[in-house]
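Asker: Handing you this structure, nothing more for now.
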Amino acid sequence: MLSVGVDIVEIDRMARIIDNGDDAFLNRVFTAYEIRRSKKFSLKAEYYAMIFAFKESFVKALGLGFTRLSRPGDIDVHLANQENGLWIAKNTKARFKGQRIDFLDLQFHRVGKHIVCNLVIHEEGLCVKRNSKEKIY
Amino acid sequence: MNQKICDAVVQIADEVIKRESGTTLKKKKAVLDKNVSFMASLEVDSLLALEIISRIEKKFGIKLQEDDFVHFDTLENITDLIERKIAVASQKVLSGKGARSLKVEKAVKKTKSIKAVGSKKPGKLSKKIKAQR
């Protein structure tokens, strides 16, 4: 069975939250790994926007939304880093409550000041089939 | 309904909304209606909702779940929920303090008894010192 999730996040809004120094928000929404990894990204707002868009898309694809069963802090996203900003790379992966999530397809687009995430997950097989590498910035 | 908690929640939401849209909650009078869904009338998305929740958590020192605000959606219900969570959190703190104080009391008693024993029965070394004097 295939499920689709889509989300859009305004980068400036994420930047305002980060600039505000809201640690409670960061610790609630992002995992320790994601926060640690953000130090390697010069474009932090984009990085966090991508991860948030992914998490939102994922819970939408599961038909849940953010609930106590699917907390954003339970989803651990590993994005690859490239020299010139953020890229979608083959080793993009995630874990949900410790279980590996594999994607049939995952795409991020930068549309103006927004990050758009399109996610298609295969709920049964869970097999990684990344097919494209796209520069978004 | 605890008015102080209610005011604090409205203030937090007001700050966030003002930053994002430039409008204050006073302009959105429907938001402050007790029977209307608070989060829905704020017209916030999940990002802002999570920010408001995390700010409330920080302000009151409590833990809220992501869907708490869905089930307790009116301002009155949210205030009651926070009040209950604060009560639970304070009970935990009190019970924690109680346990600690018992431990401290036991430790104090132990040291007192050691001192008392020491004063009544001097050790061999102190006896030798006294004999030398």
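The values are calculated or read from the model by the stated rules, or taken from the named source; none is laboratory data. Note that this is a predicted model, so its numbers are computed, not measured. For neighbour counting, all protein chains shown are included, and Cβ atoms are generated from backbone atoms with ideal geometry for every residue, glycine included.
Asker: Consider the range A:1-19. How many of its residues are surrounded by fewer than 18 Cβ atoms within 10 Å (Cβ to Cβ) and facing chain B (nearest Cβ under 8 Å)? Lay out the reasoning, then the answer.
Answerer: From the range A:1-19, those surrounded by fewer than 18 Cβ atoms within 10 Å (Cβ to Cβ) are A:1-4, A:6, A:8, A:10, A:12, A:15-16, A:18-19; that's our starting set.
Within this subset, residues satisfying the condition of being facing chain B (nearest Cβ under 8 Å) are A:16.
Selection size over the range A:1-19: 1.
Asker: Of all helices (runs of 4 or more DSSP H) completely enclosed by the range A:8-63, which ones contain at least 3 residues that are under 14 Å from the mean Cα position of the chain (by Cα)?
Answerer: Numbers: elements: A:11-19, A:23-29, A:32-38, A:44-61.
Correct list: A:32-38, A:44-61.
Asker: Which of the numbered conditions does A:Ile88 fail, given that it passes all the others? Conditions: (1) under 12 Å from the mean Cα position of the chain (by Cα); (2) exposed (fewer than 14 other Cβ atoms within 10 Å of the Cβ); (3) modelled with pLDDT under 60.
Answerer: (2) is the only condition that A:Ile88 fails.
Asker: Follow-up question, since we're still on this one. Can you say whether A:Ala32 is of a type in the set (Gly, Ala, Ser) and surrounded by 16 or more Cβ atoms within 10 Å (Cβ to Cβ), as far as the supplied structure shows?
Answerer: no
Asker: Which fully enclosed helices (runs of 4 or more DSSP H) of the range B:51-132 have 3 or more residues being more than 14 Å from chain A (Cβ to nearest Cβ) and modelled with pLDDT under 70? Spell out how you get there, then give the answer.
Answerer: Values: elements: B:68-71, B:75-120, B:124-132.
The helices (runs of 4 or more DSSP H) meeting that bar are B:75-120, B:124-132.
Asker: Here's another thing I want to ask about it. Do we find that B:Asp67 is in contact with a helix residue (DSSP H, G or I) (Cβ under 8 Å, 6 or more places away or on another chain) and surrounded by fewer than 18 Cβ atoms within 10 Å (Cβ to Cβ) in this structure?
Answerer: Details: in contact with a helix residue (DSSP H, G or I) (Cβ under 8 Å, 6 or more places away or on another chain): no; surrounded by fewer than 18 Cβ atoms within 10 Å (Cβ to Cβ): yes.
No, not satisfied.
Asker: Got a sec? Which of A:Lys44, A:Lys55, A:Lys39, A:Lys60 is away from chain B (no Cβ under 14 Å) and within 18 Å of A:Val116 (Cα to Cα)?
Answerer: Numbers: A:Lys55 fails: away from chain B (no Cβ under 14 Å); A:Lys39 fails: within 18 Å of A:Val116 (Cα to Cα); A:Lys60 fails: away from chain B (no Cβ under 14 Å).
When all the criteria are applied, what remains is A:Lys44.
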